[in-house]
Amino acid sequence: MAFINRVLNTPSYGWKDENNKFVIPSHKTLFKEALNNVNIFDSRKKWLPFFSWSIILALLPFVFMFAAWFFSIKLFAVAVLYGLIITSVHGTIWFHRYCTHKSYNFSHPFWKFLTQNLVIKTVPEEIYVVSHHVHHALSDLPGDPYNARGGFWYCMLADVNHQNISRTLDGSDYKKVSAYLKHTGIKLNTYAQYKKWGTVTNPFYAVATHLLNWIFWYGTFYLLGGHGLACAMFSAALFWFVLVRAFNYTGHGNGEEKHVDGIDYDRSNLSINQLRPGLFSGEWHNNHHLYPKSARAGFLPYQLDLAWVYIYTLSRIGAVKDYNDAKKEFLDKHVHREKIPQ
């Protein structure tokens, strides 16, 4: 079995059946699996999925306080802007284009640290990065951790059901999976620590960095607008953290082939280019699947790419030392070629 097929923890229902067909679990099975995977009393190696859901629970009080004590149309509008655009663009910049695909490189660790903590921290890098490599290798096939063919809840519960690494890797495989995360700057477990905790990420590092990030951002927002603004922003962070799980479902046509000629050029998977994710976060998803290592995904004139704007701006001031840009190759291969008379 290839490394990419064994790097993730296989769910109890498996990726495929004895006939190599994709297994689509019932909703009851998915929720049962999720509850089992966050049960740290069963095994401390389940700490990361438990931590992921704990972040949701820790953010809920901010939502209640905002709704009960501080709600206003103005703060709500600011929260929507923060959750739908700012946090969303950051996800593309940091998790997608840097942590996973290394489409650009920082000139100094300061700029990497700044970019990593540019918003309220929610997603642990390990959950996103490793599984996303598998997603690209097995898009819409058995083993894809958020396979849209599995349905809405298959994707929504993927962070605890499908995106965690295998807890039985040997030393060689652990070295390979660690390489996926080494450049991100997070503290990595040794192989001995991995055998104890079941993750690449050091749990004490994960808790400490999230806590310090939250303290910094709550204090910053409080100084800018009091408890009302702080609660609104943390509510927005929760909004993004929960709803981003649905993106791969909609971004892959709800599990159906919905490609549009002249818009979606990669037909090797179900990914599609959508206006809202594209304009709000630079996530032109079909373009990204076509050129995953490109720091820019908005190739056509109307495809505004705010993530690329940030990366390019940093390059102009010397904070990003190099980047990959596939726009010219895309236009030459797919757009200009269409205009050449046959």
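Hey, any hits in the range 285-297 for a residue that's at pLDDT 95 or above and in contact with a Leu (Cβ under 8 Å, 6 or more places away or on another chain)? Spell out the reasoning first.
Restricting attention to the range 285-297, the residues satisfying the condition of being at pLDDT 95 or above are 285-297.
Narrowing further to those that are in contact with a Leu (Cβ under 8 Å, 6 or more places away or on another chain): none.
No.
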**Prompt:** Of all residues in the range 220-279, which are over 18 Å from H90 (Cβ atoms), surrounded by fewer than 22 Cβ atoms within 10 Å (Cβ to Cβ) and of a type in the set (S, T, Y)?
**Reply:** Y222, T250, Y265, S268
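Answer yes or no: is there a residue in the range 107-114 that is farther than 29 Å from R296 by Cβ and of a type in the set (A, V, I, L, M, F, W, C). Walk me through how you get there before you give the answer.
Of all residues in the range 107-114, those farther than 29 Å from R296 by Cβ come to none.
No, the range 107-114 has no match at all.
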**Message:** Tell me whether the range 323-336 contains one or more residues that are basic (K, R), outside any loop (DSSP other than H, G, I, E, B), over 20 Å from the mean Cα position of the chain (by Cα) and within 23 Å of H133 (Cα to Cα).
**Reply:** yes
**Prompt:** How many residues, within the range 16-35, are without any contact (Cβ under 8 Å) to a residue 24 or more places away in the chain and in a helix (DSSP H, G or I)?
**Reply:** 4
**Residue check for F234: part of a helix (DSSP H, G or I) and without any contact (Cβ under 8 Å) to a residue 24 or more places away in the chain** = no
**Message:** Being within 30 Å of A236 (Cβ to Cβ), surrounded by 15 or more Cβ atoms within 10 Å (Cβ to Cβ), in contact with a helix residue (DSSP H, G or I) (Cβ under 7 Å, 6 or more places away or on another chain) and among the hydrophobic types (A, V, I, L, M, F, W, C) narrows it down to one residue among F50, F66, F22; which is it?
**Reply:** F66
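The values are calculated or read from the model by the stated rules, or taken from the named source; none is laboratory data. All values derive from a computational prediction rather than experimental measurement. So basically every Cβ, Gly included, is an ideal-geometry build from the backbone, and we count neighbours across all protein chains shown.
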